[in-house]
1. Per residue and in cubic angstrom, what volume does the convex hull of the Cα atoms of region 338-401 have?
2. With every protein chain present, what is the per residue accessible area of region 330-400 (1.4 Å probe, Å²)?
3. In nm, what is the difference between 0.36 nm times the number of residues separating LEU650 and GLU526 and their Cα-Cα distance?
4. Probe radius 1.4 Å, ligands and nucleic acids ignored: give me the carbon and sulfur share of the accessible area of region 1-80 as a rounded percent.
5. Is the C-alpha gyration tensor of the chain telling us rounded, prolate or oblate? Criteria: a/c under 1.5 is rounded; beyond that, a/b larger than b/c is prolate, otherwise oblate.
6. Identify the GluC sites (Glu not before Pro) of region 135-234 meeting these criteria: DSSP loop state and at most 10 other C-beta atoms within 10 Å of the C-beta.
7. Restricting to Cα pairs below 8 Å that are 6+ residues apart, what does the relative contact order work out to for the chain? Please round to a whole percent.
8. At a probe radius of 1.4 Å, what is the per-residue accessible area of THR606, in Å² to the nearest 10?
Amino acid sequence: MAYGKNIDRIFYGGDYNPEQWPQEVWEEDIRFMKKAHINLVTLNTFSWAALQPSEDSYCFEKLDKIMDFVRKSGLKVCMATSTGAHPAWMAKRHPDILRTDINGIKRKFGGRHNSCPNSPTYRKYAAKLAGKLAKRYKDYENIVAWHVSNELGGECYCENCEQAFRKWLKRRFGTVEEMNRVFYTTFWGHTFYDWDEVVLPNLQSEHFLVDGEDRTMFQGISLEYRRFMSESILECFRLEYQEIKKEMPDIPVTTNLMGFYKPLDYQKWAEDMDFISWDSYPEPGDTPAETALQHDLMRGIKKQESFVLMEQTPSVTNWQSYNRLKRPGDMRLFSYQAAAHGADAIQFFQIRRSIGACEKFHGAVIDHAGRDDTRVFREVEQLGRELEQLGDVFLEGRTPAEMAILFDWDNWWALEYSAGPSIRMKYLDAVRDYYTAAYEFNVPVDIIGTEDEFDFYKVIIAPLLYMTKPGVDKRIRKFVKDGGIFVTTYFSGIVDEHDLVIQGGYPGKLRDILGIWVEENDALSEGEENSFVYKGNRYPAGLLCDLMHPEGAEVLSAYEKDFYQGMPVITKNRLGRGCAYYVGTRSNSEFYYKFMEDIFTEAKITEIMVTSKGVEAAIRVTDGREVLFLLNYNKESERITLNDDYRDLLDGKEYQTGNSIEIGGRGVYVLLKQERK
C-alpha cells in the first residue's frame, strides 16, 4: 500500500503550508481539518529558502514547531523535501543552477522549477537537504511517506547540459561512427568527427517552430535529447531518494507526477518510485473519459498498482484562462472516480488558501472567509465522513481488465517530432479514440508499456505505433498467434528506436502480422474528408488515409473517394489462433464505438454493467471483495438495473439482481458485491 501497511482507512488531506501563517492560525486549521475528517497533510513543499539561508547554515526551528504541532494533533505526514524552488542566494552565488530555455536565453531567479538538472550546485544541495531532513525527523512515527521536490519537469539547454549530453551519447553509442549512423548525419552534411562537435538541439541549432509547434530537422538527435533530459531529471530524484533511504529505509518515497506529461517518461520513472502519486487538474471541456484515461495511465506505469491522488482542487484552479468552479457534487464525484480507477488516497491542493502571489485564488479546503459553512467545506466534510465510513474496503484493489492500450513515451516524442505527414497528427488523440469507446461500454482498460506482459489480455490496441522497438514485433506476433486480438492504426510500424525508417515497406516488422503493405499516406487538411462504409454505415475518413494493399488480410472496408477509391481502409488478418486489425485512417466517435463493440463481441469481453450514457461503472477487487462504483456525470437522475446482488456501503441498503436504483445528478453509489446464498 502506498502509505504503509495496516492502514484501516483511506488517507484524506492535502498540501498544508503553515509556514505562511502565524502560529495562532494553526489551532484553527486543526479544528477545520478534524471536522472535515482529514487525517494526512503534505508538509514542507516549498521551504528551501527558509531552511537553508546560506551555504552551510540550516535553520529548522520553525519546521520543528510545525512537525511537533502536527504530531500532537494526530495527523499523519507526507514529508516533502522542499527542493522544487531553490533559494535566491543560491542563484546569485552559483549561476550554474539556473536553467536555459530552448531559445538559448538563461533564466534569472524567479518562479519555480528553475533549476538545471545537470547543475552540480543543484544536485549537491538538493540531496544534502533531503538527507538532513530525513536524519532530523526520522523518529517521527507519523511520517508515512516522503515527497521529493514537486511536479518535477521542464527542460534545460545550458552548457552543463550540453557537456552532460555528450557524455550520455558516448555511453549510449560507444563510437562517433555509431552515433553518426543512428542520427543519419550523412543528411545535410552533418557528420561528426568528435564528441565535442555535438551541440544540443534547440532553437539555436536544429529546432524550428511551425504554427507554434516545436519541430526539428534531425529527429534522432532531438529524440535522444528528450531521453537524456528525462533521465537527467530522474537522476535528481534518485539522489534525494537515496539520501532519504539512508535514514528511513522503510518509509516509501514518491514525487507527484502529472498524467500525460510529455517531457518525462513516467514508465521509466515508475521503476525508481516506491509508489505513484499524481496531480489531477482536468482542463475545461475534458470529458470524464479523458480524466479516467489519465488515472488508468498512472495506475499502469507501475504494473497496474494503486496510486495516490496527491493533488486536486476542491473548487477552482488559478492558472487557466477562465477558472470555472467545480459545480456542486463535482468534487465528490471526481474523487470517487479516482478511487474507482485505483486511488488509495484522496488529497487536495490546498488546505488553507494563500493570501498572496499567483495561487491566492486557487481553491482550498479553508477559504479566505475562514468559515466552516461554505459550500466547498461542506462538500469536503461530507466526502471525508464517507471515506472514513468506507474504511479499507477497496484499498489496494485491482482493476480486472482484459483489454490493454499500448502507450510509449519514445513513440510519442518521435511521432510528434516527425517532419510530416501531418502536423495535426497527435498521439494522444489516437489513444483517446479507442479508450473513450471502451469507457462508454464500461469495459476496464489497462495502459501498458512496450516492456509489460501481453499474456494477461484478450485485446491489445496500439494506436499510432509509429516506432517499433526491438523485440516488440515478436511479442505482438506471439500474442496474436496465441489467440489474442491486436489492433493498430494508420502510420504504424514506420521507424525503429532511433527514428530511422524500417526498410522493405510499411508497416515494417508488423507487415506479416497485419497482412498488408502500405504504399502511401495521404494527409488531409482540416475539414477535408474521405469516407468508407463499415457494417452498413458510412463514416468519415480524416487526418490521414493510408493507401494499402492486402497481403493475405481480409478487406473489411474501402475508401469511397479520390484516386484511391476502392482501396482498403480496414483490414483483418488471421494469424495462428488470433487476428490483427489495421484501421488505416482516423474516423469519428460513432465509428470507434461500433468497431470496439465488434471487437468486444469477438473477444468475448463483457461490460461491467449496462448503464445510461454519462453513467460510469467501474470495479476494484481486493482479497475477493468486489466493489462497484456507479458514477453519474449527468445533471439529471438516471436509473440503472443491477446485474448482481449488492450492498450499499454508504447507507447499508441491500439490492438483489434485477433491482433498479436511481442515481441523482452528479451522484455516486459505492456497492459491495454479495455472495449468492
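The values are calculated or read from the model by the stated rules, or taken from the named source; none is laboratory data. If you're wondering where the values come from, they're calculated on a predicted model, not measured in any experiment. Don't worry about glycine lacking a Cβ; one is built from the backbone with ideal geometry, like all the others, and counts go over all protein chains shown. Just the protein is used for accessible areas: all its heavy atoms, side chains included, with ligands, DNA and RNA removed. Shrake-Rupley method; radii C 1.70, N 1.55, O 1.52, S 1.80 Å.
1. Dividing the Cα hull volume of region 338-401 by its residue count gives 101 Å³.
2. Spelled out: the 1.4 Å probe surface of region 330-400, per residue, equals 35 Å².
3. Numbers: separation 124, 0.36 × 124 = 44.64 nm, distance 4.89 nm.
Length difference between fully extended and current span is 39.8 nm.
4. The nonpolar share, carbon plus sulfur, comes to 52 percent.
5. oblate
6. Hits after loop and neighbour filter: GLU141.
7. The normalised contact order for the chain reaches 11 percent.
8. Answer for THR606: close to 100 Å² accessible.
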